[in-house]
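Note sheet for the following structure.
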Amino acid sequence: MPNYRIHKTEYIDETKRVSFKYDGKTYFGYEGDTLASALLANGIHLVGRSFKYHRPRGIVSCGAEEPNAICQIGSKKDLTEPNVRATELELYEGLEASSQNCWPNVKFDIGGINNFISPLIPAGFYYKTFMWPKSFWKKVYEPLIRLSAGLGKSPTEPDPDIYDHKYVHYDVLVIGGGVSGIIAAKMAAKNNFKTLLVDDKKILGGSTIYQNNDSIKIDDKLSSEWLKNEIQEIKKLSNLTIKTRTSIAAYHGYNFLLAKENLTDHLPEEKKKNKIRQRLWKIRAKKVVIATGSIERPLVFNNNDRPGILLSNSINKYLDYYGVTCGENIILFTNNDSAYETSISLHKKGIKNIIVDLRKSASSELIKQAESLGIKIYFNHVVTNTFGYRKINSLEIMKLSEDGNTTVGNKIRLSCDCLGMSGGWTPMVHMHTQSGGKLDFRDEDQVFLPKENSEDQISVGSCNGDFDLENIIDKTVNKINKFLDIDNQDYQDTNIICSKENDKRNIWLLPNKIPLGKTKCFIDFQNDSTAKDIKLALTEGFRSIEHVKRYTTTGMATDQGKLSNMHALGIIADTAGVKMGTLGTTTFRPPFTPLTFGTLVGRNVGKFFEVVRKTSMHEWHVENNAEFENVGQWKRPWYYPKNGENMHDAVQRESKAARDSAGILDASTLGKIDIQGTDASEFLNRVYTNAWSKLAIGKCRYGLMLNEDGMVYDDGVTTRISENHYLMTTTTGGAANVLSKLEDYLQTEWPELDVYLTSVTDHYSTASICGPNSKKILNKLFPNLDLSDENFPHMSFKEDKLENINCRIMRISFTGEQSYEINIESKYGHSLWKMCIEAGKEFNLTPYGTETMHLLRAEKGFIIVGQDTDGTMTPSDLQMDWIVSKKKFDFIGKRSLYRSDTVREDRKQLVGLLTDDPKEILEEGAQIVSDVKSKPIDMLGHVTSSYFSPNLNKSIALAVVRSGKTMKGQKLIIPMENKNINVTVSDTIFLDKENKRLNA
Amino acid sequence: MFLINCPFCGERDQSEFSSGGEAHIVRPKQPTELSDDEWAEYLFMRKNIKGIQFERWNHVHGCRKWFNVVRDTSNDKILSVYKMGEKPPVNYK
């Protein structure tokens, strides 16, 4: 096996050998490696296939910008993870990784055929091809595209890992632990700011930490040595917290940032166990220093995507940090000085290399050093093509013309096994723009820079466009002093020698003799978009960068265009003949690098996903086999199946029992609002449609509450407990919103009213007993209470004691039966329920759930707000004009009831429906029409509630129908998939219209 | 995510609050005397400003009090906070 690890470094622990599997084969690396550096040490460049053309692709970078080396980690159904960047994944014993987007394997990939038919799949191919015939989309095109789309595989079972959230507050947050970040953090912490420094790598120091060129020095030391000292010093500062392996994912307004801390991703399986995998930090910082650095740009030329072609600076890091060379015969292709650092490093380690430089000439100290070492430099030359299928083996260069627009002279073919490219540097302005900052364009080196720094955030170092060491240190110190309003003198006398210069020859799309249409000049490696695609988009009329991006998919892969966006912009600017700075950029959206769902949800999984509210009777329902229904956050018994009954049978039995003898419902979930104050009656007058002032103490009244637009909002029964004391009930789902609405009016519109509102929903439990025998059961429970209709009529309220515990008993009915609601303090709810059940035994007291409740009330034509109404129904639409007071001066929504729209006669109105076949049960939500022959069919309305009534022995339904009020007796049709159902419009009340049962 | 300075509780995270739309829209005292158009003006018409906006917020997961906020919608900066019934600060228009 080849070994490309050619020297020892302090970052690789050669005493700790680590074995790992890649594509099923076992390899070895060392502690300190990333998966990418370990693969390169084993001579592996080819790590995947490109998305569209399935071209072989190799490792390009050494960081978060990596477009190609993304792999699937692990194979377990619950733990496998797709799209992990090999350049960021720290190696651990037992790591299993595999390449993605290739079948049957990375070396021979069937999809590679796409490469040869590529002229047939240009930009916008999907949009253009899969348009017609329309009917093909769903059945043919979409399944095919889905089959070939997507990179990795999602886990198919729940994630067993533990994730955590943490909230923190700091005076200063410094993002990035490179040279400028370390200086900023030190200055802040030494001046008594509580400071947090985060860096996404395992160790601090950025790219300076492995710098070893002795022509770049600070205070007469190698810059890396100087920085190590600084790091030692800041670790001693007591009010500085340092978090490594922590990356900022999002920068929101008001300096609220999200950071992901990796805690166990670098550990072997057995050490990961029972530990928190990742922690999401929610950071509020008074001030934020952005020191996120910059990333190197690739160059755009024909076949610039072969395995073995990397960013020049990455070759340098693999060599000086990991001790790994990316090849033995390397060519560096550059338009600026930074590739010379790589070249000199390679040379020192005995790696043969030559430089191809776009510039006509250059003469910095660094270049002189390279020349003096005898490194061959081709100035004013351009790479025009590369060769080699699974790895680069040679390339062609040509001389550039004077203006740089074409090539001249003869091709020179050079052999190599690795090509490093450097197109200059792109400042990482993501954080700045995410925070709302704008960008400026600097023409001289074609970079976008943070425009203004606010009093809350500042960018320093190379993310601010300061690329050479002298500039970085001087400017950072000055800016931080000003930003924090301090006068730190630590770096006053620092002596910096930097031999690099900023001179650069920028050409976005490099010239070539071959027509563009026949080249493959890649811009976005992961999504396979080329310079040709960008130009095609422009030819076809796309102008906005946001449109070109979406049409060509440039920058839309998992790397979000970290390497590609600038080139796309540059080529658009050149082609359209405009200045790049005027184009603007696409939006930099969070997260900076992908986040796991686990990190985002933290501990809020499983039973902690949402709050579950249970009544105090809940355990009884569970013991008695109730099926539950979610109503808001509440768990409500839905029905109580007996002896293997299905829902229909259980509901039929429960409904019949409630009307024939007695039924009991847990009504604890209904919203309850305690209303007190001298203006309580006036307040109710204003919020309900009907009049309240004359309601006697001890009486109950049903009320309908509207929105200001006149539409029904909520309903419920309110009881007058004493002169200035009412208890309002609301729907279960509406309780919180009703309270908020009432508080809003009270605080903002009617602050003069003396009214106090308290939610008491959870304070009382309610058992509702109904049916002809309910009075007998109540009598057993409350023997001293006079239950006669004279003393305790329908819609009234009494207080009594059950074994010394106070109970509020309301005689109110939602079923049409004689009915009592017993309210007791919640802690006694369970006992109350059991006593009711015991007392009701001889009367076949049957517990019933929400489904039976809905059926019973539908028989009586009582509406359910939210089921029979949908926010567009007025009281009149519901045929409830009787509840709207004509006399009251005002109430919420009154004026809206006679707007031109609300008085229309052809509004949808609530009606009853009876099916011609009494056994036929309608589907809720089904459309209602009068004629199925004329097309388009005129939709008149829809079914809102539908049941089979065991008490009437027929199907009943409520519906909203256009002009329904005038249609009684009319025939309508419910068209279903396989038949038309004939129905007749009826009254909304199906049972006991005279209300005889209430006082039976 | 805003930091909102509740006039009753002090600075709290935005997640404790709910927004209640435009401020200083007074419910007409005599709705019955308004034409459909006048009522619709009160009921439906809201400003959508780029710049300084007066809006209502409710400290719903805190003291449950409603109050007013002056916010620049172009940069989300909250410029002032004041209680219900108080006049808006004169320096913002």
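Derivation of every value follows stated rules applied to the coordinates shown; laboratory data play no part. For clarity, every value in this text was computed on a predicted model and none was experimentally measured. Cβ: placed from backbone, ideal geometry, glycine included. Neighbour counts: every protein chain shown.
Each residue of region A:845-860 is assigned a 3J(HN,Hα), and the resulting list reads 4, 10, x, 10, x, 5, 5, 5, 4, 5, 5, 4, 6, 5, 4, 8 Hz, derived from the Karplus form 6.51 cos²θ - 1.76 cosθ + 1.60 (θ = phi - 60°), x at Gly and Pro. Taking the square roots of five times each eigenvalue of the Cα gyration tensor of region A:824-881, the equivalent ellipsoid has semi-axes of 33, 15, 9 Å, listed largest first. Residue exposure proxy: A:Trp833, B:Trp39, ordered by other Cβ atoms within 10 angstrom of their Cβ from fewest to most, comes out as B:Trp39, A:Trp833.
Please arrange A:Lys780, A:Lys694, A:Lys77, A:Lys860 by counting, for each residue, the other beta carbons lying within 10 Å of its beta carbon, fewest first.
Placing the least packed residue first, the sequence is A:Lys694, A:Lys77, A:Lys780, A:Lys860.
When each of A:Glu977, A:Glu859, A:Glu455 is scored by the number of other beta-carbon atoms lying within 10 Å, the sequence from fewest to most is A:Glu977, A:Glu455, A:Glu859.
Looking at the square roots a ≥ b ≥ c of the eigenvalues of the Cα gyration tensor of region A:298-423, which shape do they give, rounded for a/c under 1.5, prolate if a/b is larger than b/c, or oblate? All intermediate terms of the calculation are to be shown ahead of the outcome.
Working: a/c = 1.82, a/b = 1.15, b/c = 1.58.
Here region A:298-423 falls in the oblate category.
Reported to the nearest whole Å, the Cα centre-to-centre distance from region A:282-344 to region B:1-70 is 52. Around the amide H of A:Gln457, modelled in the peptide plane, lie the amide H atoms of A:Val288, all under 5 Å away and 5 or more residues distant in sequence or on another chain. Applying 0.36 nm per residue to the separation of A:Ser885 and A:Ile497 and subtracting their alpha-carbon distance, the gain on full extension is 130.9 nm. Database remark: amide H of A:Asn393 closer than 5 angstrom to the amide H of A:Phe387, A:Gly388 (H placed geometrically; neighbours at sequence offset of 5 or more, or on other chains; Pro and chain starts carry no H).
For the set A:Lys21/A:Lys202; A:Lys451/A:Lys532; A:Lys479/A:Lys500; A:Lys228/A:Lys272; A:Lys52/A:Lys282; A:Lys260/A:Lys741, the pairs lying more than 27 angstrom apart at their alpha carbons are A:Lys451/A:Lys532; A:Lys228/A:Lys272; A:Lys52/A:Lys282; A:Lys260/A:Lys741.
With a 10 Å cut-off around each Cβ of B:67-80, the average count of Cβ atoms from other chains is 1.
Beta bridges assigned by DSSP with both partners in the protein assembly as shown are antiparallel in approximately 75 percent of cases.
With a simple spin-label model that places each label point 7 Å from the Cα along the Cα-to-Cβ direction, the separation between A:Val622 and A:Glu540 comes to 5.9 nm.
Between the alpha-carbon centers of region A:810-857 and region A:948-977, tell me the distance in whole angstrom. After rounding, the separation between the Cα centres reads 30 Å.
Placing dummy labels 7 Å off each Cα toward the beta-carbon, the span from A:Arg413 to A:Ile486 is 6.1 nm. When the square roots of the Cα gyration tensor eigenvalues are ordered a ≥ b ≥ c, the ratio a/c for chain B is 1.5 or more and a/b exceeds b/c, which makes its shape prolate. With a simple spin-label model that places each label point 7 Å from the Cα along the Cα-to-Cβ direction, the separation between A:Asn707 and A:Asn791 comes to 4.7 nm.
Reducing region A:352-400 and region A:620-692 to their Cα centroids gives an inter-centroid distance of 81 Å.
From other protein chains only, count the Cβ atoms within 10 Å of every residue's Cβ in A:741-752, then give the mean. Don't skip to the end; give the middle numbers.
Numbers: counts 0, 0, 5, 5, 1, 1, 9, 12, 3, 1, 3, 0.
For this peptide, the per-residue mean of nearby foreign Cβ atoms is 3.
Scanning residues 5 or more positions from B:Leu79 or on other chains, those with amide H under 5 Å from its amide H are B:Val70, B:Arg71, B:Asp72, with H placed 1.01 Å from N in the peptide plane. Here, region A:860-999 has an Rg and a Dmax of 16.1, 53 Å when only alpha carbons are counted. Working note: Debye formula, equal point scatterers on the alpha-carbon atoms of chain A, no solvent; log10 I(q)/I(0) at q = 0.08, 0.09 Å⁻¹ is -0.91, -0.99.
Mind checking the full-extension length gain between A:Asn478 and A:Asn804? Use 0.36 nm per residue of separation minus the Cα-Cα distance, one decimal, nm.
Values: separation 326, 0.36 × 326 = 117.36 nm, distance 7.73 nm.
This chain segment gains 109.6 nm when fully extended.
In region A:549-605, what trypsin sites (Lys or Arg not before Pro) fall in a loop by DSSP, with at most 11 other Cβ atoms inside 10 Å? Loop-located and lightly packed - A:Lys579.
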